[in-house]
Amino acid sequence: MRKAVILALAAALGAGLLAGCAEDADGPAGGATKGSGSGGGKTTLTVGVFGAFGLKEAGLYDEYMRLNPGIRIEQTSIERNENYYPQLLTHLGSGSGLADVQAVEVNNIAEITATQSAKLEDLGKAPGVDKSAFLDWKWAQGTDKSGKTVALGTDIGPQGICYRKDLFAKAGLPTDREAVGKLWAGDWGKYLAAGKQFKAKAPKGAAFVDSASGVMAAITGGSAERFYDKDGKVSYKTSPGVKEAWDTAAAFATQGLTAKLQQFTPAWDQGYANATFATVSCPAWMLGYIQDKAGAAGKDKWDVAAAPKPSNWGGSFLTVPSAGKHKAEAAKLAAWLTAPAQQATLFEKRASFPSASATYELPAVANAKHPYFGGAPTGQIFAKAAEGVPVQILGPKDLIIAQNLADVGMLQVDQRGKSPQEGWDAAVKKIDNALDQ
């Protein structure tokens with residue numbers, strides 16, 4: 001069935017799309033610059049993104065322009081999402097300064113669907129878009145309560161557990177990825193138990209896991225309800241998913257199973273090179289990060305196994321603001337960029353894992369193996385994880401809650417020796433202040 005979807009989509013989108021023109025707009029947030037409406041007889045569509053989003057780098061714009069010689073695509077990128085997103089909200093509010101296509105990061109998508117839906121096009125009705133080609137939970141994230149789909153998914157971050165085979169061998173644990181996955185299959189508590197086994201014979205200077213906060217994030221990433229309930233109310237204080245994540249992560253910290261590191265800091269980066277920890281919860285996009293930080297010396301020492309339960313960390317979307325004069329052409333571009341064939345190319349060129357499940361049987365994904373990680377069948381591992389992730393309730397302040405639970409609460413338990421209750425109380429106080437509760 002998926003192959004039929006792919007073939008139909010390729011026929012609809014690859015036969016040459018109608019050219020359109022973009023509204024000239026000024027201002028940041030990835031908007032067009034004045035005078036970009038046309039050039040050399042071509043019409044211009046603008047795309048606003050954050051960071052190295054991957055679409056341009058993978059050659060997708062060039063391919064679209066080859067198929068549609070009357071169109072020119074211009075991209076503007078703001079390096080950090082925390083700078084990009086507030087500007088996007090400002091421009092949506094004013095109806096000016098917007099690109100024809102705007103990217104949105106997953107941590108912001110709930111606020112976009114809840115508060116900005118009226119200012120965005122319904123991409124679920126765009127030509128060539130097929131809901132069945134996407135993962136159910138990813139489609140749901142970009143859809144508002146009325147059923148209007150304002151954002152089409154690009155990549156996602158299904159998680160595995162990356163581990164050091166050499167450190168596992170020295171601690172008397174299995175090193176084969178299938179056997180490793182069986183150590184903790186189906187239960188994060190088994191992951192904790194494996195950590196205790198590792199600690200008993202651990203090589204000097206090596207902890208089982210990088211950080212307690214990383215464990216907490218991985219568990220909450222697989223919970224259907226975490227920070228908000230089905231009625232849209234903040235519920236992290238009573239959420240069973242958050243309780244499991246907090247208690248399990250705190251056990252890692254209090255039982256001496258972590259390297260006491262904070263993720264995405266220089267010390268954490270150095271920990272990869274120095275074999276400071278044996279495991280880390282890793283979404284598909286982190287494989288490249290590990291390869292960069294562990295360097296040539298880490299090749300064939302790192303491998304990846306299935307996580308205890310399916311979980312997701314990360315991902316993005318494309319939207320089309322309604323303020324544009326040529327919304328139909330922009331919607332066609334967004335549809336093409338997120339179609340299965342293009343998502344497969346993005347994975348092949350940039351390792352961005354597809355949110356279109358119809359790609360999972362394509363050779364670029366199904367046969368993907370990572371030479372740095374011992375030839376691990378990463379396409380199969382992460383596809384299976386992606387298909388098991390539940391439809392998750394997202395809220396507008398998810399990022400604030402998650403950051404404070406990790407960097408204020410769990411970090412105190414992990415690094416400063418505070419009790420789990422003390423860490424929890426500190427996080428709750430900070431979150432309540434931030435949410436004006």
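The values are calculated or read from the model by the stated rules, or taken from the named source; none is laboratory data. In this text the structure is predicted, and so the values were computed from the model without any measurement. Positions of Cβ are backbone-derived with ideal geometry, glycine not excepted, and every protein chain shown enters the neighbour counts.
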Filtering the range 217-231 for residues that are in contact with a Pro (Cβ under 6 Å, 6 or more places away or on another chain) and buried (at least 20 other Cβ atoms within 10 Å of the Cβ) leaves a count of 1
Selection over the range 400-417 where residues are buried (at least 20 other Cβ atoms within 10 Å of the Cβ) and either more than 18 Å from Arg226 (Cβ to Cβ) or of a type in the set (Ser, Thr, Tyr) (or both) yields a count of 4
Checking the structure you have, find out if any residue of the range 315-325 is without any contact (Cβ under 8 Å) to a residue 40 or more places away in the chain and within 17 Å of the chain's Cα centre (by Cα). no
Just to verify a result, which residue in the range 372-385, among those that are out of contact with any His (no Cβ under 9 Å at 6 or more places or on another chain) and in contact (Cβ under 8 Å) with a residue 60 or more places away in the chain, is surrounded by the most Cβ atoms within 10 Å (Cβ to Cβ)? Phe382
Consider Asn404 carefully, then state whether it is more than 25 Å from Val49 (Cα to Cα), among the polar types (S, T, N, Q) and in contact (Cβ under 8 Å) with a residue 24 or more places away in the chain. yes
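Within the range 96-110, can you find the residues that are among the charged types (D, E, K, R) and over 21 Å from the mean Cα position of the chain (by Cα)?
Passing the criteria: only Asp100.
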Inspect the range 51-69 for any residue being surrounded by 16 or more Cβ atoms within 10 Å (Cβ to Cβ), closer than 14 Å to Val320 by Cβ and over 17 Å from the mean Cα position of the chain (by Cα) and give the result as yes or no. no
Subset tally (residues that are among the charged types (D, E, K, R) and in contact (Cβ under 8 Å) with a residue 60 or more places away in the chain) for the range 79-101: 1
Restricting the range 418-437 to residues that are among the acidic types (Asp, Glu) and closer than 17 Å to Phe227 by Cβ, the one modelled with the highest pLDDT turns out to be Asp432
Going by the conditions given, is Asp432 in a helix (DSSP H, G or I), free of Cβ contacts under 8 Å to residues at least 12 places away in the same chain and charged (D, E, K, R)? yes
Test: Gly388 is touching a residue at least 12 places away in the same chain (Cβ under 8 Å), more than 30 Å from Ala296 (Cα to Cα) and touching a Gly at 6+ places or on another chain (Cβ under 6 Å): no
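From the list Thr115, Thr154, Thr143, exactly one residue is over 30 Å from Ala376 (Cα atoms), in contact with a strand residue (DSSP E or B) (Cβ under 7 Å, 6 or more places away or on another chain) and hydroxyl-bearing (Ser, Thr, Tyr). Which is it?
Being over 30 Å from Ala376 (Cα atoms), in contact with a strand residue (DSSP E or B) (Cβ under 7 Å, 6 or more places away or on another chain) and hydroxyl-bearing (Ser, Thr, Tyr) holds for just one of Thr115, Thr154, Thr143, which is Thr143.
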Residue, nearest to the chain's Cα centre (by Cα), within the range 111-123, restricted to residues that are under 22 Å from Gly314 (Cα atoms) and surrounded by fewer than 23 Cβ atoms within 10 Å (Cβ to Cβ): Glu111
